[in-house]
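Presented below is the structure to which this report refers.
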Amino acid sequence: MRSSVDVHNFLLDSDVPHEISSLPGPLRDLADAPEVLGLPSVAVARSVVLADEQGVVVVVVPARSDIDQAAVASLTSRPDLAPVDAEQAPARTGYLLHVVPPVALEGPAEVVVDRLVAEQDVVYTAAGEAGMILKVRGPDLVKATNALVVPVARPR
């Protein structure tokens, strides 16, 4: 299983400035992080993992948003994308589903970053293990993942 050390090393190798920190307490859902950390809700992002026969697509959206799955399927020309369940996530990404970071995945993955996340000066997201959070600039996250940047978030 991968960890925040893999995330840190990947970003170091990619020459991307970042911080990985311990959270002040356990968070079950990144949607709770803005209140816990005193951040605007758009500054906290979560990874949604989709897959098909071709492999994995990680969609990074504000933590309190859902994704427009039809838009992602259309933009990636992959109509059979479906959410990865918790049991499949470690084999597909190297991480438990609730802590999948947008970088340093087990295998190749296409990354889609919602425009709201990409435009943030600072983004906080999963760092690959419970109790840890990654802090990175939105444009640097896009650079590190070679992401497609499009509006794919929908309010919950």
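Of the labelled options (1) 77; (2) 10; (3) 30, which one gives percent of Cα pairs over 28 Å apart as computed for this structure?
(2)
Mind checking the full-extension length gain between Ser74 and Ser22? Use 0.36 nm per residue of separation minus the Cα-Cα distance, one decimal, nm. Display every interim value, and only then the final one.
Details: separation 52, 0.36 × 52 = 18.72 nm, distance 3.69 nm.
Length gained between Ser74 and Ser22: 15.0 nm.
Find out how many positive minus negative residues lie around Gln54, taking Lys and Arg as positive, Asp and Glu as negative, among other residues whose Cβ is under 15 Å from that of Gln54.
Details: positive: Arg78, Arg92; negative: Asp52, Glu53, Asp80, Glu110.
Combined, the nearby Lys, Arg, Asp and Glu give -2.
So what is the 222 nm mean residue ellipticity for the chain from helices alone, if each DSSP H run of at least 4 adds -39500 (n - 2.57) and you divide by all residues, rounding to the nearest 500 deg cm²/dmol? Write down the numbers at each step before the final one.
On the way: 6 runs with 40 residues, N = 156.
Rounded to the nearest 500, it is -6000 deg cm²/dmol.
Please find the FRET efficiency linking Glu119 to Ala86, where r is the Cβ-Cβ separation and R0 is fixed at 30 Å, and quote it to the nearest 0.05.
Numbers: r = 30 Å, r/R0 = 1.01.
The value I calculate is 0.50.
Return the distance in nm (one decimal) between the two label points of a simple spin-label model at Ala130 and Ser41, each offset 7 Å from Cα along Cα→Cβ.
2.6 nm
Once you list every other residue whose beta carbon is under 12 Å from the beta carbon of Asp121, what net charge do they have if Lys and Arg are +1 and Asp and Glu are -1? Walk me through the intermediate numbers first.
Details: positive: Lys135, Arg137; negative: Glu119, Asp140.
Value of the local net charge: 0.
For His98 and Asp66 in one chain, what is 0.36 nm times their gap in residues minus the Cα-Cα distance, to one decimal in nm?
Working: separation 32, 0.36 × 32 = 11.52 nm, distance 1.45 nm.
Difference between extended and current length: 10.1 nm.
Rounded to the nearest 5, what % of DSSP beta bridges with both residues in the chain are antiparallel? The partial results should precede the final answer.
Values: 22 of 31 bridges.
Here the antiparallel bridges make up roughly 70 percent for the chain.
Loop-only check: which GluC sites (Glu not before Pro) in region 1-78 are DSSP coil with at most 13 other Cβ within 10 angstrom?
Glu53
Given a cut-off of under 8 Å on Cα pairs at least six residues apart, what relative contact order in percent is computed for the chain?
On the way: 326 pairs, mean separation 49.1, N = 156.
With pairs under 8 Å counted, the relative contact order is 31 percent.
Read-outs throughout are calculated quantities, based only on the coordinates presented, and are distinct from any laboratory measurement. Computed from a predicted model, the values in this text were never measured in an experiment. Every residue, glycine among them, receives a Cβ derived from its backbone with ideal geometry; neighbour counts consider all protein chains shown.
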